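The values are calculated or read from the model by the stated rules, or taken from the named source; none is laboratory data. Small disclaimer: the values here were computed from a predicted structure and weren't measured. Neighbour counts are summed over all protein chains in view; Cβ atoms, including those assigned to glycine, are modelled from backbone coordinates with ideal geometry. Note: areas computed on protein heavy atoms with side chains; ligands, DNA, RNA excluded. Shrake-Rupley method; radii C 1.70, N 1.55, O 1.52, S 1.80 Å.
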Amino acid sequence: MAATNGVTDKKLIVSFGEMLIDFVPTVSGVSLAEAPGFLKAPGGAPANVAIAVSRLGGDAAFVGKLGDDEFGHMLAGILKENGVSGEGICFDKGARTALAFVTLKSDGDREFMFYRNPSADMLLTPDELNLEIIRSAKVFHYGSISLIVEPCRSAHLKAMEVAKEAGALLSYDPNLRLPLWPSAEEAREQIMSIWEKAEVIKVSDNELEFLTGSDKIDDESAMSLWHPNLKLLLVTLGDKGCNYYTKHFNGTVGAFPVKAVDTTGAGDSFVGALLTKIVDDQSVLEDEARLKEILRYSCACGAITTTKKGAIPALPTVPELDAFLKAHP
């Protein structure tokens with residue numbers, strides 16, 4: 001990647017936010033207390049997206065802060081092994097890398113318990129941002145966890161502003177984790193505080209309900225979240241596919257039938273696939289037939305990711321995806 005020597009790589013997708021270790025029970029369908037053991041799985045939604053992009057042949061970089069500890073250096077190593085630029089990573093000597101214990105219910109859905117008190121990612125300051133990497137982004141992707149506390153919130157707002165000024169497409173996946181917020185009201189308010197900046201937004205069906213206060217997953221509910229800067233709004237529906245909305249058209253793309261083992265990272269895999277496909281040519285956002293094809297590809301990525309435990313270990317490569325799509329014409 002040529003971002004550091006003044007040459008701009010105009011296909012670069014930069015993910016901003018948290019990276020952590022998920023500890024996933026060795027047995028599904030039990031509580032944390034009942035789990036006989038845990039598998040260590042690298043995760044964190046923005047990092048998952050960066051690796052998803054890289055595995056699918058895209059140019060990816062990650063911007064965030066890790067603890068200057070064994071887990072932090074392990075995570076930086078995993079990004080590097082997966083072809084993601086780590087030039088935007090810094091390390092905190094005084095705080096640990098975040099950990100999350102994830103219980104897998106029998107349907108592969110999850111519940112989280114976090115160890116962040118504070119963790120290194122929460123302590124990223126605006127002055128620590130690698131602005132050169134951020135300015136090199138053609139797509140700048142982020143979540144909402146980095147909005148919870150200062151100084152990371154200010155770092156997030158500055159990074160978004162710098163990316164936008166440099167001409168990046170802003171991509172937002174709120175990735176709601178209610179246990180991390182002081183209250184549901186605060187979560188909703190902060191998630192919506194940057195809503196109107198994003199040009200591509202992906203929410204899950206549960207997040208749609210949370211943000212609208214409605215229990216309806218329908219077009220009217222989704223369009224209540226529309227804003228004039230938005231080019232594409234996506235509502236993922238788990239094993240039912242996704243709904244898409246643009247200025248000129250909307251519709252649904254169906255899911256692929258798979259046996260879900262662990263849904264962790266499926267949404268991130270979906271987003272990574274989407275961004276990899278639109279980074280070269282944003283005109284696809286105005287062409288319904290092409291967009292549907294890309295969303296089908298993205299749904300396939302999400303589906304494959306649910307068939308293995310952990311997020312990053314389950315993210316597909318291009319050959320895996322090609323084989324899957326061949327098997328599901």
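Here are some notes:
- Selection over the range 153-169 of residues that are surrounded by 22 or more Cβ atoms within 10 Å (Cβ to Cβ) and either charged (D, E, K, R) or closer than 22 Å to residue 236 by Cα (or both) gives a count of 1.
- Matching residues in the range 121-152 - criterion: being surrounded by 24 or more Cβ atoms within 10 Å (Cβ to Cβ) and over 19 Å from the mean Cα position of the chain (by Cα): 136
- Here residue 86 passes the criteria (1) under 30 Å from residue 205 (Cβ atoms); (2) of a type outside the set (Phe, Trp, Tyr); (3) touching a Leu at 6+ places or on another chain (Cβ under 9 Å); (4) surrounded by 18 or more Cβ atoms within 10 Å (Cβ to Cβ) except the one numbered (1).
- Complete set of residues in the range 21-41 that are open to solvent by 60 Å² or more (accessible area, probe 1.4 Å), modelled with pLDDT of 90 or more and out of contact with any strand residue (DSSP E or B) (no Cβ under 7 Å at 6 or more places or on another chain): 36
- Residue satisfying condition, being touching a Lys or Arg at 6+ places or on another chain (Cβ under 7 Å) and open to solvent by 40 Å² or more (accessible area, probe 1.4 Å), within set 253, 271, 261: 261
- Scope the range 69-106; condition polar (S, T, N, Q) and either at pLDDT 95 or above or part of a loop (DSSP other than H, G, I, E, B) (or both); matching residues: 82, 85, 97, 106
- One residue alone among 291, 274, 321 is part of a helix (DSSP H, G or I), farther than 30 Å from residue 23 by Cα and either modelled with pLDDT under 95 or within 20 Å of the chain's Cα centre (by Cα) (or both), and that residue is 291.
- Only one entry in 59, 121, 22 is of a type in the set (Asp, Glu), in contact (Cβ under 8 Å) with a residue 24 or more places away in the chain, in contact with a helix residue (DSSP H, G or I) (Cβ under 8 Å, 6 or more places away or on another chain) and over 23 Å from residue 274 (Cα atoms), namely 121.
- Yes/no for residue 202 being at pLDDT 95 or above and either out of contact with any helix residue (DSSP H, G or I) (no Cβ under 9 Å at 6 or more places or on another chain) or open to solvent by 50 Å² or more (accessible area, probe 1.4 Å) (or both): no
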